[in-house]
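What follows is a single structure, written as structure tokens, with notes after it.
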Amino acid sequence: MSKPKFYLTTAIAYTSRIPHIGNTYEAVVSDAIARFKRMTGYDVFFLTGTDEHGQKIQQQAIADGLTPKQHVDKIAGEIRRIWDFMNVSYDKFIRTTDKEHMETVQKIFKKLYEQGDIYKSSYEGWYCTPCESFYTETQLAEGKCPDCGSEVQKASEEAYFLKLSNYADQLVKHIEENPNFIWPEARKNEMINNFIKPGLQDLCVSRTSFNWGVPVSFDDKHVVYVWLDALSNYITALGYNPDGQSGELYKKYWPADVHIIGKDIVRFHTIYWPIILMALGEELPKQVFGHPWLLQGKDKMSKSKGNVIYAEDLVNYFGLDAVRYYLLKEMPFAQDGNLTYEHMIGKINSDLANNLGNLVNRTVTMVDKYFGGIVAEPDVKEPIDEELINLALETPDRVEEKMNEYRVADALDEVITLLKRSNKYIDETQPWILAKDDAGKARLKTVLYNLLESIRIASVLLLPFIPDTAVEIQRQINATKTDWNSIKSFDGIIAGSKVNEAKPMFARIDEVKKLAEIHAALELNTPKEEPKVEEKKEEKVEVKPEEDGLITIDDFAKVQLKVATVLECEKVEKSDKLLKLQLLVGEEKRQVVSGIAKTYKPEDLIGKHVILVANLKPVKLRGIESNGMILAASDDETLTLLTPMAEIKSGTDVS
């Protein structure tokens with residue numbers, strides 16, 4: 001019997017910059033869904049990739065002294081490396097510069113033109129380069145782009161247009177007859193009320209003001225505009241051919257079961273993309289899931305705000321599966337998630353170190369201590385066992401129900417509930433008391449078997465989310481039955497088998513030390529938000545220094561700032577951000593590691609005077625001890641070290 005098919009895609013990442021952790025979330029959550037579907041018996045095809053054409057990319061390449069192809073090759077390679085680094089199990093990575101994709105896009109464009117759905121005209125309006133979008137005067141928000149807030153430029157050029165209005169009624173009918181087509185439901189209401197019902201304007205699908213794109217085959221002055229090019233990747237990757245000669249992958253997997261995308265591009269995927277498919281006479285995707293954003297603190301990540309966090313940095317601080325777990329567990333279904341280092345440390349300590357790691361370690365250690373590592377046959381049962389067993393057997397169905405709705409965080413909640421109940425079971429049965437005499441040891445066999453079996457079921461359920469950790473758990477408990485069907489019964493651990501050595505998987509994190517390490521690595525001082533002070537009549541409200549973000553002169557005096565001279569400088573191996581500096585501070589030599597390698601070459605810093613925070617506790621970055629922090633200022637474009645305006649003796653106090 002053949003497996004049911006399941007085709008899911010991410011939005012393809014735009015190759016203008018390296019993706020931050022908020023962008024990376026989409027690849028990780030899609031991976032969890034794909035892994036879960038494979039585990040539960042589906043024939044999965046998981047597509048991701050890169051969007052590589054457009055005016056913004058051409059401008060960036062020119063500014064960097066590169067050809068557009070050199071630029072996108074570099075960024076696309078980095079994106080794929082990051083996806084691999086995050087253990088994303090995609091089946092195909094498409095690039096819109098792929099020859100097969102470009103040729104098919106040309107065929108799609110020509111077919112739509114020949115059947116009258118695309119026509120030539122001219123465009124006058126306002127253009128946002130970051131969003132690659134045109135807007136009318138009334139669509140602007142205070143004269144700026146309504147989506148990203150950037151400045152817009154007046155644009156007037158010849159272009160081809162797609163007749164969206166021809167398919168508006170058909171699209172509304174499809175949305176109404178398929179209530180889960182746009183998910184979550186709030187996104188659906190937004191599309192219908194804000195975009196479709198007010199009337200669809202025909203979509204610009206070509207440009208002449210730049211040439212980095214798919215050429216229009218019958219009009220070489222034009223290149224295909226980004227959305228017709230980019231959105232088509234979902235079918236070109238499967239071998240779609242508008243001439244009717246599509247490949248076997250297309251026949252097998254299309255329509256897509258779900259497009260996983262960010263909430264900011266729902267409009268393009270639920271209005272433009274369905275209409276393109278309708279015009280081609282192809283089936284529409286079954287569902288478009290617009291996930292929320294991952295915020296840093298309370299803000300969307302952006303370089304201008306100085307709050308961008310990258311996946312590799314997080315993994316260096318916390319480990320791969322800890323980062324995957326946090327991303328999947330802390331992103332709500334329909335509301336924006338929130339990433340702070342403090343919260344992340346708390347969740348790792350509570351969920352992974354305590355509920356999971358400590359449970360596995362205690363259980364394996366007790367089997368080894370009390371029975372020489374041999375799993376005993378459970379034979380003395382008590383009523384208290386049933387609550388744990390029933391929960392363990394109910395959890396897979398609960399997880400599957402949540403995953404079918406893409407409520408990934410809720411699915412993980414179900415697994416955590418099982419882990420918490422298992423820990424409570426230890427407290428209730430008190431194995432250390434049972435081990436004191438022979439009568440108790442008979443009961444102890446059953447207790448430890450129940451714990452091992454609950455851990456086995458949890459480990460299988462964790463495979464899509466934290467796969468490396470799940471496999472390590474199974475190795476430690478020596479579980480051989482680890483497929484989906486095996487967790488439908490409570491008998492997968494084989495009596496007489498021998499557990500392996502217990503090894504800690506998640507150590508508890510010392511928050512103070514870890515935050516100091518991160519702070520030193522990033523050289524980032526997070527400004528405190530100043531509370532508003534309300535005045536009542538003419539009376540001024542006195543605010544204490546600790547309440548308004550201000551410090552006293554005594555607080556400032558605790559920070560020792562000194563002038564230091566750079567004696568030696570070199571790059572840190574396997575890091576593109578860190579430099580190792582040897583500084584002379586008076587008569588003392590100091591070693592400092594600083595994240596300035598992308599701005600400064602080592603040879604440029606020799607002999608320079610810098611300002612050093614001299615009394616920071618030492619930390620290790622990439623295994624190298626750093627004794628202090630050099631000060632720098634940065635904005636969205638520039639990072640510069642703080643230096644004295646005149647020659648001054650090394651070791652001089654700064655005050």
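What follows draws every value from the coordinates through simple rules; no lab data is involved. Here the structure is a predicted model, which is why all the values come from computation and not from measurement. FYI the Cβ positions are ideal-geometry reconstructions off the backbone, even for glycines, and counts take in every protein chain you see.
Put +1 on the Cβ of each Lys and Arg and -1 on the Cβ of each Asp and Glu in the chain; which of 237, 261, 57 then has its Cα farthest toward the positive end of the dipole?
237
So for 273, 484, fewest C-beta neighbours within 10 Å to most, what's the order?
Working: 273 24, 484 16.
Least crowded to most crowded, the residues run 484, 273.
Would you work out which of 76, 451, 227 lies farthest towards the positive end of the dipole of the chain? Charges go on Cβ: Lys and Arg +1, Asp and Glu -1.
451
Below 11 angstrom from the Cβ of residue 55, what's the summed charge of the other residues (Lys, Arg +1; Asp, Glu -1)?
On the way: positive: 56, 207; negative: 132.
Summing Lys and Arg as +1 and Asp and Glu as -1 gives +1.
Search the structure for amide H atoms under 5 Å from the amide H of residue 152, placed 1.01 Å from N in the peptide plane, and list their residues when 5 or more places away or on another chain.
145
Within 10 Å of each candidate Cβ there may be at most 15 other Cβ atoms; applying that plus a DSSP loop requirement, which GluC sites (Glu not before Pro) in region 97-196 survive? Numbers along the way, then the final one.
Working: sites: 100, 103, 114, 124, 132, 137, 142, 151, 157, 158, 176, 177, 185, 190; in loops: 132, 142, 151.
Here the GluC sites (Glu not before Pro) that fit, given the DSSP loop and packing criteria, are 142, 151.
Among 506, 85, which comes first, then next, by fewest other beta-carbon atoms within 10 Å? Write down the numbers at each step before the final one.
On the way: 506 24, 85 13.
Listing 506, 85 from fewest to most nearby Cβ atoms yields 85, 506.
List the relative contact order of the chain as a percent without decimals, with contacts defined as Cα pairs under 8 Å and 6+ residues apart.
Details: 1085 pairs, mean separation 69.2, N = 655.
Answer for the chain is 11 percent.
Skipping prolines and chain starts, which residues have an amide H placed within reach, meaning under 5 Å, of the one on residue 373, given they are 5 or more residues away or on another chain?
368
Computed from the coordinates I sent, P(r) over Cα pairs in 20 Å bins from 0, in percent equals one of (1) 16, 45, 31, 8, 0; (2) 16, 40, 33, 10, 0; (3) 17, 54, 27, 2, 0. Tell me the label.
(2)
About its Cα centre, what dipole magnitude does the chain give when the only charges are +1 on Lys and Arg Cβ and -1 on Asp and Glu Cβ, stated in debye to the nearest 20? Present the calculation step by step, with values, prior to reporting the outcome.
Values: 82 positive and 101 negative charges, 259 e Å.
Roughly 1240 debye, rounded to the nearest 20.
Which pairs break 31 Å Cα to Cα here: 514/577; 5/574; 69/620; 300/513? Don't jump to the answer; show the numbers that get you there.
Details: 514/577 19 Å; 5/574 41 Å; 69/620 39 Å; 300/513 27 Å.
Beyond 31 Å: 5/574; 69/620.
Near residue 364, within a Cβ-to-Cβ distance under 14 Å, what is the net charge of the other residues, with Lys and Arg +1 and Asp and Glu -1? Working shown, then result.
Values: positive: 362, 369, 456, 475, 498, 503; negative: 368, 453, 472, 501.
Net local charge, residue 364 excluded: +2.
Summing Lys, Arg as +1 and Asp, Glu as -1, what charge do residues with Cβ under 13 Å from the Cβ of residue 284 carry, residue 284 excluded?
Details: positive: 173, 286; negative: 177, 257, 282, 283.
Overall, the nearby charge balance is -2.
Per DSSP H run of n ≥ 4, the term is -39500 (n - 2.57); total these for the chain, divide by its residue number, and report the mean residue ellipticity at 222 nm rounded to 500 deg cm²/dmol.
Working: 22 runs with 246 residues, N = 655.
Calculated from helices alone, the mean residue ellipticity at 222 nm is -11500 deg cm²/dmol.
Straight-line reach from residue 329: which aspartates and glutamates have Cα under 18 Å away, leaving out those fewer than 8 places along the same chain?
Excluding near neighbours in sequence, the set is 26, 31, 321, 342, 351, 400, 401, 405, 410, 413, 414, 468.
Spelling out what I want: for every residue of region 137-145, take phi, set θ = phi - 60°, compute 6.51 cos²θ - 1.76 cosθ + 1.60 (Karplus), and round to whole Hz; glycine and proline get x.
4, 6, 7, 5, 10, 6, x, 10, 4
Please work out whether region 340-488 counts as rounded, prolate or oblate from its C-alpha gyration tensor, where a ≥ b ≥ c are the square roots of the eigenvalues and a/c under 1.5 means rounded, while otherwise a/b larger than b/c means prolate and anything else oblate? Walk me through the numbers before you get to the answer.
Details: a/c = 1.86, a/b = 1.57, b/c = 1.19.
In terms of gyration-tensor shape, prolate.
Cut-off is 10 Å between beta-carbons; in what order do 269, 53, 20 appear when sorted fewest neighbours first? Present the calculation step by step, with values, prior to reporting the outcome.
Working: 269 24, 53 27, 20 19.
Least to most surrounded, the residues fall as 20, 269, 53.
Can you return the lysines within cross-link range of residue 445? Criterion is Cα-Cα under 23 Å, with same-chain partners fewer than 8 residues away left out.
Counting by Cα, and skipping residues close in sequence, residue 445 has these lysines nearby: 369, 381, 420, 424, 436, 481, 488, 498, 503.
Skipping prolines and chain starts, which residues have an amide H placed within reach, meaning under 5 Å, of the one on residue 158, given they are 5 or more residues away or on another chain?
Here 123 satisfy the definition.
HN-Hα J couplings of region 73-80 from phi, Karplus 6.51/-1.76/1.60, θ = phi - 60°, integer Hz, Gly and Pro as x?
With the stated coefficients, region 73-80 comes to 4, 5, 5, 4, x, 5, 4, 5 Hz.
Can you compute the charge dipole magnitude of region 300-445 about its Cα centre, using +1 on each Lys and Arg Cβ and -1 on each Asp and Glu Cβ, nothing else charged? Give it in debye, rounded to the nearest 20. Show your work: numbers first, answer last.
Numbers: 19 positive and 26 negative charges, 115 e Å.
Using only the charged Cβ atoms, the result is roughly 560 debye.
Compare the Cα positions of 477, 621, 596 along the charge dipole of the chain (+1 at Cβ of Lys, Arg; -1 at Cβ of Asp, Glu; about the Cα centre) and return the one farthest towards the positive end.
477
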